[in-house]
Amino acid sequence: MNSTPVDNTRATLRGQCLCGAVRYRVANAFGYAFNCHCSQCRRATGSAFKPFAGIERASLRLEQGEGDLLVYGDPGAAHDVHCRHCGSLLYSVVREGAFAHVTMGTLIDMPSIRPEGHIFVGSKAPWHEIADTLPQYAELPP
């Protein structure tokens, strides 16, 4: 029996949509992670909030399904990237196209980062109660 601890930290993480048509890889080097409660993220996910991790866009690459993508928004500016078959929101391109906000629920492998707070709680769903002790910001953190 091997008593050496298993290192679950990967340099590159795998992710995919619900149906598996789109697969991606992203560096496990996220700079920040939040739970976003804005109305746009709620509508895009159908949930109370969107857990996402931010990384430079160049650190994310599609492995499969480039022709299966559906872009919602301005492809030259901020936009969301979905699977055109199952509708999964995979990531959002933000900050003048330089960063991707990867939806943490589409990651297969466990990232080393965890959400560090809740953003846009000033517009959160009135029926949702935030039950953890993470910091809450009415909009973006200072």
Exercise. Quick one: count up the residues across segment 58-102 that are on the phi > 0 side of the Ramachandran plot and either touching a helix residue (DSSP H, G or I) at 6+ places or on another chain (Cβ under 6 Å) or at pLDDT below 95 (or both).
Key: 4
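For every residue, the table says whether it meets (1) within 16 Å of GLY15 (Cα to Cα); (2) in contact with a Phe, Trp or Tyr (Cβ under 9 Å, 6 or more places away or on another chain); (3) in contact (Cβ under 8 Å) with a residue 40 or more places away in the chain; (4) not aliphatic (A, V, I, L, M).
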site: GLY54; (1), (2), (3), (4): yes, yes, yes, yes
site: ARG57; (1), (2), (3), (4): yes, yes, yes, yes
site: ALA78; (1), (2), (3), (4): no, no, no, no
site: CYS83; (1), (2), (3), (4): yes, no, yes, yes
site: GLY87; (1), (2), (3), (4): yes, no, yes, yes
site: ALA98; (1), (2), (3), (4): no, no, yes, no
site: VAL102; (1), (2), (3), (4): yes, yes, yes, no
site: ILE108; (1), (2), (3), (4): yes, no, yes, no
site: GLY117; (1), (2), (3), (4): no, yes, yes, yes
Quiz item: Would it be correct to say that CYS41 is within 29 Å of ALA138 (Cα to Cα) and in contact with a strand residue (DSSP E or B) (Cβ under 7 Å, 6 or more places away or on another chain)?
Solution: yes
Quiz item: Could you say which residue among GLU96, GLU129, GLU116 is surrounded by fewer than 12 Cβ atoms within 10 Å (Cβ to Cβ), of a type in the set (D, E, K, R) and closer than 30 Å to ALA58 by Cβ?
Solution: GLU96
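The values are calculated or read from the model by the stated rules, or taken from the named source; none is laboratory data. Note that the structure is predicted; figures quoted are calculated from it, not measured. Every residue, glycine as well, gets a Cβ built from its backbone with ideal geometry; the counts of neighbours run over all protein chains shown.
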